[in-house]
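A short worksheet on the structure shown next.
The values are calculated or read from the model by the stated rules, or taken from the named source; none is laboratory data. Please read all numbers here as calculations on a predicted model, not as lab measurements. Cβ placement follows ideal geometry from the backbone for every residue including glycine, while neighbour counts extend to all protein chains displayed. Each accessible area value is taken on the protein alone, full model and side chains, heavy atoms only, with ligands, DNA and RNA left out. Shrake-Rupley method; radii C 1.70, N 1.55, O 1.52, S 1.80 Å.
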Amino acid sequence: MGTALYSLSTNWSGTIFPDGFTIKWYFEIMKSQFLLKAMFRTVYICFISLVFIVVIMVPTIFVTSYYFPKMEKLMEFLVLLCFSIPGAVSVVGLMKIYSNGILEITGTLYILIGVYFVLAFPFMYRGIKNSMNAIPMREIIESANILGASTPKAFIRLILPNMRKGIIVSLLLTFSILFGEFLLVNMLVGGKYQTMQMYINSIRTGVSGHFSSAVVTVYFLMIFVITFLGFGFNREKGDK
């Protein structure tokens, strides 16, 4: 609240309340090409990462649950592994993996896609898995098979539509996590590719405190709205 009030104040020093209020700092940040580029770059890389994650994870979790249920323990172990390894440690290993062969993307913005995949894995897995468990998946597919539909067709036509809201909720909540991630972004790309997180870090000094407060407020509101939408979808899904 203090940051938001400061971003709206004309001058605030030595008094309990601001001297006045203005929204000029919000007009100023909208004129900043650096901020707009950083915001676009962050949304772009998060969006690409989530598309990549959904395309790989949804079929993988389905195959594991339907054909190889014993492998679910391995998936659960991988989820725990993602939580137990500190970010600073995982960065070293990830940089090694993405430094050779066809995955040679170290030093580029696209390394964040690989890193975000690891970061988002436990959250996306739990969301997709819970959605899958909430429907009688095996019975639906077996019924479809009896009626002549193949298993892949039953998955696409019957299972995916029933999981749609669960996937959307997982995507929104994971997007808000990726959008706010700073440690890994700072260690992997630093100031080379200025994302929203790196831009905020760069304006700690050298610019007006009102301006940086307005940027932080907008950043917070974006994450809040995305998270709120995620919980809104989740509540609607739970009501039904």
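For the chain, the share of accessible area belonging to carbon and sulfur comes to 69 percent (1.4 Å probe, ligands and nucleic acids excluded).
Could you quote the convex hull projected area for segment 123-186, Cα atoms only and averaged over all directions, in nm²?
On the way: hull surface 19.5 nm².
Spelled out: convex hull of the Cα atoms, projected over all directions, averaged, 4.9 nm².
Charged side chains reduced to their Cβ positions (Lys and Arg at +1, Asp and Glu at -1) give the chain a dipole of some 300 debye around its Cα centre. In whole percents, the pair-distance distribution calculated for segment 1-75 from its alpha-carbon pairs, binned every 10 Å from zero, is 15, 22, 18, 15, 14, 12, 3. What is the distance, in nm, between label points placed 7 Å from the Cα along the Cα-to-Cβ direction at F17 and at M187? Those two pseudo-labels are separated by 4.7 nm. Step through the table entries K37/K129; K73/K192; K73/K165; K129/K153; K96/K192; K31/K192, compare each Cα-Cα distance with 29 Å, and write down the pairs that go over it. With Cα atoms farther than 29 Å apart: K37/K129; K73/K192.
Relative to 2.2 N^0.38 Å, what does the C-alpha radius of gyration of segment 19-120 come to as a ratio? Two decimals please. Numbers along the way, then the final one.
Details: Rg = 19.4 Å, N = 102, 2.2 N^0.38 = 12.8 Å.
For segment 19-120, the normalised Cα radius of gyration comes out at 1.52.
Principal-axis analysis of the Cα atoms of the chain puts helix 209-239 at an angle of about 30° to the longest axis.
Taking 2.2 N^0.38 Å as the expected size of a compact globular protein, what ratio does the Cα radius of gyration of segment 127-240 give against it, to two decimals?
Numbers: Rg = 20.9 Å, N = 114, 2.2 N^0.38 = 13.3 Å.
Here the Cα radius of gyration is 1.57 times the empirical estimate.
Report the one residue of I200, V169, I226 whose Cα lies farthest in the direction of the positive end of the charge dipole of segment 85-240 (charges on C-beta: Lys and Arg +1, Asp and Glu -1; origin at the Cα centre). It is V169, whose Cα lies furthest towards the positive end.
Each 10 Å bin, from zero up to the one with the longest distance, holds this percent of the alpha carbon pairs of segment 31-73: 25, 27, 20, 15, 10, 2. Using the Cβ-Cβ distance between A88 and I140 with R0 = 45 Å, the FRET efficiency computed as 1/(1 + (r/R0)^6) comes to roughly 0.55. Compared with the alpha-carbon gap, the fully stretched path from I48 to L5 is longer by 12.0 nm at 0.36 nm per residue. By the compact-protein rule of thumb, 2.2 N^0.38 Å, the alpha-carbon radius of gyration of segment 86-161 corresponds to a ratio of 1.65.
Per residue and in Å³, how big is the convex hull formed by the alpha-carbon atoms of segment 46-106?
Numbers: hull volume 7.0 nm³, N = 61.
Per-residue hull volume (Cα only) is 116 Å³.
By the equivalent-ellipsoid construction on the alpha carbon gyration tensor, segment 80-120 comes out with semi-axes of 19, 10, 8 Å, ordered largest to smallest. Karplus-derived 3J(HN,Hα) values for segment 79-86, using 6.51 cos²θ - 1.76 cosθ + 1.60 with θ = phi - 60°, are 4, 4, 4, 4, 6, 7, 8, x Hz; glycine and proline are entered as x.
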